[in-house]
Amino acid sequence: MAKVIDGKAFAEGLRGRIAKAVDSLKSQHGFTPGLAVVLVGEDPASKVYVANKAKQTVEVGMNSWEHKLPAETSEKDVLALVEKLNNDPAVHGILVQLPLPKHIDSMKVLTAISPAKDVDGFHVVNVGKLSTGQDSLVPCTPVGSVMLAKDVLGSLDGLEAVVIGRSNIVGKPVAQLLLAENCTVTIAHSKTKDLPGVVRRADLVIAAVGRPEMVKGDWLKPGATVIDVGINRIERDGKGKLVGDCDYASCEKVAGAITPVPGGVGPMTIACLLYNTVKAACAARGIEQPAM
Ligand SMILES: Nc1nc2c(c(=O)[nH]1)N[C@@H](CN(C=O)c1ccc(C(=O)N[C@@H](CCC(=O)O)C(=O)O)cc1)CN2
C-alpha cells in the first residue's frame, strides 16, 4: 500500500512558519503584509475558496481585503478595481478568483495585475521569468505539488516525471518547476498516444487533467509517486463526493506514495498563496524575505 502524502498537515506546518515570518516583519520592520482577493459572481466553490483565503490570511497575522462583485459587473469595472489595488501601497498581493464570468476576458484581467503583486503567478511577466529560471512569483498549486513531491522523495534529480494536463495554471508551470529540479519531463494531454504507456515510464506522476478518476493503478510504474491535483465533484450512491484525477483505490495499491483528494494538494494552494504574499511584501519593501 502506498504512503499517504498528508498535504493538510504539510500546509499547516507551512502556515505556522509563515505566521512566524509575519510576526518578525511586524516587530522588526513595522509593517504587515496584505492580500486583496477579488471575487466576481456567485460560484459556490469559489465563494468557499475565497472565504478560506481570507480566513487563513488573517490567521497568519496578515491584512486581508475581500472584494465581492456581482456576476454582471463589467470587465471595465473589474479592471478599474485591479488598477486601484495596484496603486494601494498597503496591498502587497492581488488575487482575482477564477473562473471569471464568461463576459470577462480572464487574460486581460490577469495581465492588468501588477507583476509585483501577482501572487497567483499568472501574469505573463512571471510566467516568462519562471520559464527562464529567474526568481518570480510562482503559481500556488504547482509549487505546492512540488513541495509535497520533494518532501516524500528528497531530491527529484534525474527522475522521469510525467505531467498529465497542459493548463496555464497547473500543467505548464509544474513542468517548468520539475525541469528546474532536474527531472526529465513529459507533458501528456488529450491528444497523447498511449497515455497509459507514457504514464508507466514515470517515477513521478502529476495528474492535472480535470477528469475524475482517469488514471488507473495499472497505468503506474510500481513504487511511483503520485501527486493528484484534480478536484472533481461527482455523484456516487446518491451522494456528492470529491475525487481526484486518479482512481485512488487502484492507484494506492501500486504507487509508492500518493496524495489523497481531499487533503492532498488542495490545502497547499492557499498556504503557498500566503507564502507568495509575504514574498511580494518583502520585495516591495526591499527587505530580505524571512525563512519560511
Ligand atoms: N485565482 C485563482 N483561482 C483559482 C485557483 C488559484 O490558484 N488561483 N485554484 C482553484 C481553486 N482554489 C483556490 O483558489 C482552491 C482549490 C482547492 C482548495 C482546497 O483546499 N481543496 C480541498 C477540498 C476543498 C473542498 O472540499 O472543496 C482539498 O483538496 O483538500 C483550495 C483552493 C481554482 N481557482
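Name the single residue, out of those in segment 86-126 being assigned to a helix (DSSP H, G or I) and within 14 Å of the ligand (Cβ to nearest atom), that is surrounded by the most Cβ atoms within 10 Å (Cβ to Cβ).
Out of the qualifying residues, it is Lys117.
With the condition being away from the ligand (no atom under 16 Å from the Cβ) and touching a residue at least 24 places away in the same chain (Cβ under 8 Å), I'd like the strands (runs of 3 or more DSSP E) fully within segment 185-292 carrying at least 1 qualifying residues.
Qualifying strands (runs of 3 or more DSSP E): 204-207, 225-228.
With the checklist (1) more than 16 Å from the ligand (Cβ to nearest atom); (2) touching a residue at least 24 places away in the same chain (Cβ under 8 Å); (3) of a type in the set (Lys, Arg); (4) over 27 Å from Phe10 (Cβ atoms) in hand, flag the one item Lys68 doesn't pass.
Of (1) more than 16 Å from the ligand (Cβ to nearest atom); (2) touching a residue at least 24 places away in the same chain (Cβ under 8 Å); (3) of a type in the set (Lys, Arg); (4) over 27 Å from Phe10 (Cβ atoms), only one is false for Lys68: (1).
Taking segment 197-247, which residues are under 24 Å from the mean Cα position of the chain (by Cα) and on the phi > 0 side of the Ramachandran plot?
Gly210, Glu213
Just give me the residues in segment 70-82 being farther than 18 Å from Glu42 by Cβ and either of a type in the set (Phe, Trp, Tyr) or within 24 Å of the chain's Cα centre (by Cα) (or both), in sequence order.
Within segment 70-82, Leu79, Val82 qualify.
Considering only residues of segment 1-13 that are aliphatic (A, V, I, L, M) and closer than 19 Å to Ile231 by Cβ, which is farthest from the chain's Cα centre (by Cα)?
It comes out as Val4.
Does Leu79 fit the bill of being hydrophobic (A, V, I, L, M, F, W, C) and surrounded by fewer than 18 Cβ atoms within 10 Å (Cβ to Cβ)?
Spelling it out, Leu79 is indeed hydrophobic (A, V, I, L, M, F, W, C) and surrounded by fewer than 18 Cβ atoms within 10 Å (Cβ to Cβ).
Checking Val38 against (1) crowded, with 19+ Cβ neighbours inside 10 Å; (2) away from the ligand (no atom under 15 Å from the Cβ); (3) more than 29 Å from Ile258 (Cβ to Cβ), which test does it fail?
With respect to (1) crowded, with 19+ Cβ neighbours inside 10 Å; (2) away from the ligand (no atom under 15 Å from the Cβ); (3) more than 29 Å from Ile258 (Cβ to Cβ), Val38 is out only on (2).
Taking segment 178-187, which residues are surrounded by fewer than 22 Cβ atoms within 10 Å (Cβ to Cβ) and either farther than 25 Å from Leu274 by Cβ or among the aromatic types (Phe, Trp, Tyr) (or both)?
Result: Leu179, Asn182, Thr184, Val185, Thr186, Ile187.
Considering only residues that are away from the ligand (no atom under 16 Å from the Cβ), surrounded by fewer than 20 Cβ atoms within 10 Å (Cβ to Cβ) and of a type in the set (Gly, Ala, Ser), which ones fall in segment 133-177?
Passing the criteria: Gly133, Gly154, Ser155, Gly158.
All of the numbers you see were taken from the coordinates with simple rules; none came from a lab. In this text, all values refer to a predicted model and were calculated from it rather than measured experimentally. Quick reminder, even Gly has a Cβ in these numbers, built from the backbone with ideal geometry, and neighbours come from all protein chains shown.
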